[in-house]
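**Student:** Questions regarding the structure given below will be posed in turn.
Nothing in this text is a laboratory measurement; each read-out follows from the coordinates by a stated rule. Note that the coordinates shown come from a computational prediction; the quantities given were computed from them, not determined experimentally.
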Amino acid sequence: MLRYRSSMDCRPPLHGSPVFARSSYRIGAGEGSQGRMNHGTVRSVVVTGGAGFIGSTFARLLLTLGYERVRVFDKLTYAGNLANVADLVSAPGFSFVEGDICNPEDVDKAIAGFEAIVNFAAETHVDRSLLDPGGFIRTDVHGVWVLLEGVRRHGLTRMVHVSTDEVYGVRDSGSFCEDDPLNPRNPYSASKAGGEMMVKAYAATYGVPAVISRGSNTYGPYQYPEKFISLATTNVLLGEPIPVYGDGRQVRDWIHAQDHAAGIEVLLR
């Protein structure tokens with residue numbers, strides 16, 4: 001059973017089974033379908049990386065919960081696809097801006113007049129980070145700095161920076177806690193840890209109203225097929241071998257994209 005842990009709880013060991021039974025978000029369905037509407041003070045949100053996997057799920061959730069204005073801001077790289085938000089285009093309050101979080105002018109255009117920003121924009125695949133570490137540093141560190149500067153300029157009231165549990169590294173047993181030291185083991189997790197440090201520095205130095213989430217491995221609709229569950233499923237359907245990482249005995253926690261999005265939405269309130 002999935003539950004959202006408070007800030008005092010620890011991350012469980014890397015084991016467990018995915019939750020397969022899921023409901024779908026329906027735009028405009030409101031309280032009758034999801035159990036509640038947004039009752040927080042934030043009414044307008046920019047979702048960077050919102051044409052990607054978790055970002056598009058999150059944008060859809062915000063509109064379902066009654067947020068008045070939701071803007072997707074996406075560079076449309078290989079993992080971003082407008083088809084992921086095609087059902088949102090006609091939704092009241094939805095808008096899309098194509099741009100790069102590393103470009104201050106694009107950031108200004110995207111966030112002007114909005115109250116909050118949730119940053120899903122990132123390079124995220126470990127294997128790709130081994131081939132192009134610089135691209136990960138550019139987006140996951142420099143891009144975060146550009147966003148933080150934009151938040152300062154425009155006086156946004158909330159920034160949620162979406163990070164990853166990869167920043168902790170690995171351990172043989174026990175649980176990770178939020179205050180555990182970071183021990184990134186590859187360029188991807190190192191770049192995400194660097195972005196976190198920038199967010200913490202701006203919160204401490206300039207009072208930027210920011211919070212960081214560290215989610216686990218995520219699966220669900222709209223996921224790019226390079227990720228393990230999507231890749232394994234596709235390979236099974238095509239009759240191709242399933243990749244095995246390590247010696248095949250490693251296990252991981254998984255969280256469904258809709259559950260992940262719901263947890264992040266709580267951080268806006």
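**Student:** What value, in deg cm²/dmol to 500, does the helix sum -39500 (n - 2.57) over DSSP H runs of n ≥ 4 give at 222 nm once divided by the residues of the chain?
**Tutor:** After summing the helix terms and dividing by the residues of the chain, the value is -9500 deg cm²/dmol.
**Student:** Continuing with the same structure: For the chain, what relative contact order do you get, as a whole percent, if you take Cα pairs closer than 8 Å and at least 6 residues apart?
**Tutor:** 22 percent
**Student:** Still on this model: Determine, for the chain, the count of lysine pairs separated by eight or more sequence positions (or lying on different chains) whose alpha-carbon distance falls under 20 Å.
**Tutor:** So the count of such lysine pairs works out to 5.
**Student:** For the chain, divide the Cα radius of gyration by the Kirkwood radius and give the resulting Rg/Rh value with two decimals.
**Tutor:** Radius of gyration over Kirkwood radius for the chain works out to 0.94.
**Student:** For residue 73, what residues show an amide H to amide H distance below 5 Å, using hydrogens built from the backbone and excluding near sequence neighbours?
**Tutor:** The list, which skips near neighbours in sequence, is 47, 48, 49, 50, 97.
**Student:** With bins 10 Å wide starting at 0, give me the P(r) of segment 211-262 over every alpha carbon pair, in whole percents.
**Tutor:** 22, 46, 27, 5, 0
**Student:** How long are the semi-axes of the ellipsoid equivalent to segment 149-243, from square roots of 5 times the Cα gyration tensor eigenvalues, in whole Å, largest first?
**Tutor:** Taking √(5λ) for each eigenvalue gives 32, 18, 11 Å, largest first.
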